[in-house]
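Everything on this sheet refers to the single structure shown next.
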Amino acid sequence: LTTEGKNTFGCKIDGQIFIPKKQLYGWHSPVPVLEVVYAYDAYYFNGYYLAIRANNELLQKYITIEWTGGENPLVEGATYPISVNEANSMHGLYEHAEETVYNSEGVGYYKSHSFSTDADYVGELEIIKLDTNKKIISGQFWFQGKEFNKDSITTITDGRFDINYTTSY
């Protein structure tokens, strides 16, 4: 774990190492591989907003931790619960586009699995460093997520990040 804004991110998804990677050849998503936004916006988010997004285009796996409408800024050294997706709460999401499925016209799309935190499947995010002058945020996290309308559970552990954030989304 570093705290120098080295733009690193990693965790384990059900025990398997996950790091953001960009696809080198062929089609790839226009979404950045690693992106963090931390800002105050009373109009859109009714307060503070944090979004940590990491994806591995090769494996088609995505992790998002988002906090919308925080009444107070994040505090260095504090630990925040990751739970439900509602105002002034932090939530986690893991998505995996598992396979290509074709419709009757022969158009392919990814069959996706989404696992989200809720009141029963929770986690924590610890802010180890928050430098608002250099725009660096570093920390650790873990969470469990339940697949929408299914009984499948996934566990994200040993999460860490050290990222230069932006204040625009």
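Here are the numbers for the structure shown:
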item: The one condition in (1) of a type outside the set (Val, Ile, Thr); (2) surrounded by 15 or more Cβ atoms within 10 Å (Cβ to Cβ); (3) in contact (Cβ under 8 Å) with a residue 60 or more places away in the chain that GLU124 fails to fulfil; result: (3)
item: Meets criteria (within 18 Å of THR3 (Cα to Cα), touching a Leu at 6+ places or on another chain (Cβ under 9 Å), among the aromatic types (Phe, Trp, Tyr) and surrounded by 13 or more Cβ atoms within 10 Å (Cβ to Cβ)) for PHE141; result: yes
item: Scope the range 129-152; condition over 17 Å from the mean Cα position of the chain (by Cα) and among the β-branched types (Val, Ile, Thr); matching residues; result: THR132
item: Of all residues making up the range 78-90, the number that are in a loop (DSSP other than H, G, I, E, B) and in contact with a strand residue (DSSP E or B) (Cβ under 7 Å, 6 or more places away or on another chain); result: 6
item: The range 42-60, residues that are open to solvent by less than 30 Å² (accessible area, probe 1.4 Å), part of a strand (DSSP E or B) and charged (D, E, K, R); result: none
item: Residue satisfying condition, being over 20 Å from THR8 (Cα atoms), modelled with pLDDT under 95 and touching a strand residue (DSSP E or B) at 6+ places or on another chain (Cβ under 9 Å), within set ASN149, ASN103; result: ASN103
item: Residue among SER83, SER112, SER116 that is under 23 Å from LYS12 (Cα atoms), touching a Leu at 6+ places or on another chain (Cβ under 8 Å) and among the small types (Gly, Ala, Ser); result: SER116
item: Top-ranked residue of the range 61-80 - restricted to ones that are surrounded by fewer than 16 Cβ atoms within 10 Å (Cβ to Cβ) and polar (S, T, N, Q), ranked as nearest to PHE18 (Cα to Cα); result: THR79
item: Unique match (being among the small types (Gly, Ala, Ser) and either in contact with a helix residue (DSSP H, G or I) (Cβ under 8 Å, 6 or more places away or on another chain) or surrounded by 13 or more Cβ atoms within 10 Å (Cβ to Cβ) (or both)) among SER104, SER112; result: SER112
item: Test: ASN85 is within 29 Å of TYR43 (Cα to Cα) and touching a residue at least 12 places away in the same chain (Cβ under 8 Å); result: yes
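The values are calculated or read from the model by the stated rules, or taken from the named source; none is laboratory data. This one's a predicted model, so the numbers in the text were calculated from it and none came from an experiment. Glycine also receives a Cβ, built like all others from the backbone with ideal geometry; neighbour counts cover every protein chain displayed. Ligands, DNA and RNA are excluded from the accessible area calculation, which covers all protein heavy atoms including side chains. Shrake-Rupley method; radii C 1.70, N 1.55, O 1.52, S 1.80 Å.
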